[in-house]
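In what follows, a structure is listed as structure tokens, so that the remarks can point back to it.
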Amino acid sequence: MLKTNVGQVRSTISKHIGSKVIVRCNLGRHKVDVTEGVITDTYPSIFLVKVDDNSDKNHIVSYSYTDLLTEDVKMTLAKA
């Protein structure tokens, strides 16, 4: 994904609503959280990913587009 500004990142993510993604989130101090989920919604500043954690409850996590630009969050499309 070409990351030059927030508008381009937002439009790219909007095209992939409903797609399965792998999200790698930098938590600091050499800690990384890797989750898999589906992009559900996009908003002007954030987008939502519904995470399936193998239990009865699914939870929704929000990320900002600037997190992708600063590479605090890295996202790849999961193979179907």
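Within the range 1-46, the set of residues being over 15 Å from Lys74 (Cβ atoms), small (Gly, Ala, Ser) and within 14 Å of the chain's Cα centre (by Cα) comprises Ser11, Ser14, Gly18, Ser19, Ser45. Reported count of residues in the range 63-80, each being part of a strand (DSSP E or B), out of contact with any Lys or Arg (no Cβ under 6 Å at 6 or more places or on another chain) and open to solvent by 90 Å² or more (accessible area, probe 1.4 Å), is 1.
Given the range 1-54, what strands (runs of 3 or more DSSP E) lie entirely inside it while holding 3 or more residues that are loosely packed, with under 13 Cβ neighbours inside 10 Å? Steps first, please.
Numbers: elements: 20-28, 31-42, 46-51.
Where strands (runs of 3 or more DSSP E) fall fully within the range 1-54 and carry at least 3 residues being loosely packed, with under 13 Cβ neighbours inside 10 Å, they are 31-42.
A Cβ distance below 6 Å, combined with a sequence gap of six or more or placement on separate chains, defines the contacts here; from the range 3-31, residues that are touching a residue at least 24 places away in the same chain (Cβ under 8 Å) and more than 20 Å from Asp52 (Cα to Cα) reach residues that are hydroxyl-bearing (Ser, Thr, Tyr) and part of a helix (DSSP H, G or I) in the pairs Val6/Tyr65; Val9/Tyr65; Arg10/Tyr65. If you go through the range 61-73 and keep only what is more than 8 Å from the chain's Cα centre (by Cα) and either more than 12 Å from Val23 (Cβ to Cβ) or of a type in the set (Ser, Thr, Tyr) (or both), you end up with Ser64, Tyr65, Thr66, Leu69, Thr70, Glu71.
The values are calculated or read from the model by the stated rules, or taken from the named source; none is laboratory data. Bear in mind the structure is a predicted one, so any value in this text is a computation, not a measurement. We place every Cβ from the backbone using ideal geometry, glycine too, and count neighbours over all the protein chains shown. Side chains included, ligands, DNA and RNA excluded: accessible areas come from the protein's heavy atoms. Shrake-Rupley method; radii C 1.70, N 1.55, O 1.52, S 1.80 Å.
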